[in-house]
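Have a look at the structure below before the remarks.
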């Protein structure tokens, strides 16, 4: 019997990238955001920045459940300050059915440079998604569900920005106090608006967690289902307060209590959705700070 060994080898290589399907079940409560006008805030004047000066490596990670995505020219904010996550209508994503395009970005600096670097990836609608930004050795990594991406090393920016260069410097979850229009010349570029969905947990760490790729590219990743507090945790919100609460305690012990505004409250966890699919992405380059 004739066997096409080249075809067989290709099949084996493809199977090697088939990852086990994972299911995620929220622990306790979740933060509910209706996408209309509610958000949570950590005022800069009271708490400063979560990452201090000279932070050369860090991890920001969360589990979130997006429901409705942004319309044309809208950019939904999931969280934003020194590190940002949000949804955009298309970005550089190749969207399938029931997918949204998620951006992740970090404000970085060095002795001679200051800017934002990030990427867009596909995430699943009406399903729990894990995302993380991990920074170490002047290299930006982005995790989305079963995959971790490593960008090109950029030595001119080797630490988190000690201060973000934009008008709104507070730490926000779900949106700003108002929608914000961004113009290029006299033309509307996009509108920053509100996220519609649930968030189960967010953790900020002063180390680069997990096994990172040795080379630039994409590798399989096994997302953590629980994000516990430890010595390297700077902030941790699990939104396990009783339903209807509007103050969300920082379980790290560092006092970063979030305040829910305009109806942002906790509620019981959503049901498990075990379905998850492979995801592709396109890396973004260092971007100018227009906002």
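Assorted remarks:
- Packing order of peptides 124-130, 80-86, 147-153, highest average first: 80-86, 124-130, 147-153 (average count of other Cβ atoms within 10 Å over each peptide's residues).
- Residues 121, 164, 180, sorted so that the one with the fewest Cβ neighbours within 10 Å comes first: 180, 164, 121
- Nearest-0.05 FRET efficiency for residue 165 and residue 71, computed from C-beta distance (R0 30 Å): 0.60
- Relative protection proxy for 43-49, 249-255, 235-241, from highest mean packing down: 235-241, 249-255, 43-49 (other beta-carbon atoms within 10 angstrom).
- Cβ-derived FRET efficiency at R0 30 Å, residue 46 paired with residue 225, nearest 0.05: 0.40
- Residue 178/residue 153 FRET efficiency (R0 35 Å; Cβ-Cβ; nearest 0.05): 0.40
- Between segment 87-129 and segment 206-234, the alpha-carbon center distance in angstrom: 18
- Residue order, fewest to most beta carbons within 10 Å, for 154, 183: 183, 154
Coordinate-derived values only; no laboratory data. Bear in mind that the values here come from a model prediction, so they are computed numbers and not experimental data. Note: ideal-geometry Cβ built from the backbone for every residue, glycine included; neighbour counts use all protein chains shown.
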